[in-house]
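The values are calculated or read from the model by the stated rules, or taken from the named source; none is laboratory data. Note that this is a predicted model, so its numbers are computed, not measured. Cβ placement follows ideal geometry from the backbone for every residue including glycine, while neighbour counts extend to all protein chains displayed.
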Amino acid sequence: MRKITNEPPIIVGSQAVFAVTDYPPEIARRSVECDFLLLKRMETRTEITENLGLFSEYQQQTGFYADVLGLATVVLPSGWEERLVELKDEAGEILAFCAEIHDVCISKLMAGREKDYEFLQTAFEAEYLQIETFLERAQTILRSPSSAALLPRLQKLIKKIDSGSLHEIVGRLRDFENEIKSE
């Protein structure tokens, strides 16, 4: 990708978990797409999609594809840019920047697809997330244009993870839900 963009991509989807662990959960390993932001040179989006995107020769050869997103497509909490994590190869060269895992999970919450809730549940169970940090980042969404979507997505997350072993987390999420409702 760097041959096309001359900049490391910013991974904002589930593949960003590789910046947290060398042993990502199955849900991240089975994903065939890598969602990333390209901020500086959007004119290369077509070239990337043709060379690395869905149905490209690259996908046919590797089974994976790159999905270029813009900031109008993905919802990230305030300050995400300052929390980017470097993803390096064995030689120490930066391959990509990854959104910090709490930022990724807020983005997944706001995307609100079934696979996103599954990823969130897995991230909480694997203890990749600290509930206080997650809630602090979610709080920033209340001050964004996407604020109206937060409560229903939060309620769906609570329903999804309520039957498992995450009782303390569900309790904190319910407290946050009540705070939003009272505002």
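Quick notes on this one:
- When residues of the range 37-86 are limited to those that are in a strand (DSSP E or B) and of a type in the set (D, E, K, R), the one modelled with the lowest pLDDT: 67
- Of all residues in the range 1-36 being β-branched (Val, Ile, Thr) and not in a helix (DSSP H, G or I), the one that is modelled with the highest pLDDT: 12
- Number of residues in the range 57-67 that are surrounded by 13 or more Cβ atoms within 10 Å (Cβ to Cβ) and either closer than 23 Å to residue 113 by Cβ or charged (D, E, K, R) (or both): the value is 5.
- Qualifying residue in the range 143-165 (condition: assigned to a helix (DSSP H, G or I), touching a residue at least 60 places away in the same chain (Cβ under 8 Å) and closer than 20 Å to residue 25 by Cβ): no
- Among the residues listed as 76, 87, 142, 120, the single one being in contact with a helix residue (DSSP H, G or I) (Cβ under 9 Å, 6 or more places away or on another chain), hydrophobic (A, V, I, L, M, F, W, C), surrounded by fewer than 16 Cβ atoms within 10 Å (Cβ to Cβ) and at negative phi: 142
- The range 147-168 - residue that is of a type in the set (A, V, I, L, M) and within 17 Å of residue 108 (Cα to Cα) and, of those, surrounded by the fewest Cβ atoms within 10 Å (Cβ to Cβ): 148
- Enumeration of residues in the range 143-158 that are at pLDDT 95 or above and not polar (S, T, N, Q): 148, 149, 150, 151, 152, 153, 154, 156, 157, 158
- Count - residues of the range 16-30 that are without any contact (Cβ under 8 Å) to a residue 24 or more places away in the chain and surrounded by 15 or more Cβ atoms within 10 Å (Cβ to Cβ): 1
- Test: residue in the range 94-102 that is outside any helix (DSSP H, G or I), crowded, with 20+ Cβ neighbours inside 10 Å and not hydrophobic (A, V, I, L, M, F, W, C): yes
- Test set (1) closer than 23 Å to residue 52 by Cα; (2) buried (at least 16 other Cβ atoms within 10 Å of the Cβ); (3) not acidic (Asp, Glu) - residue 70 fails condition number: (2)
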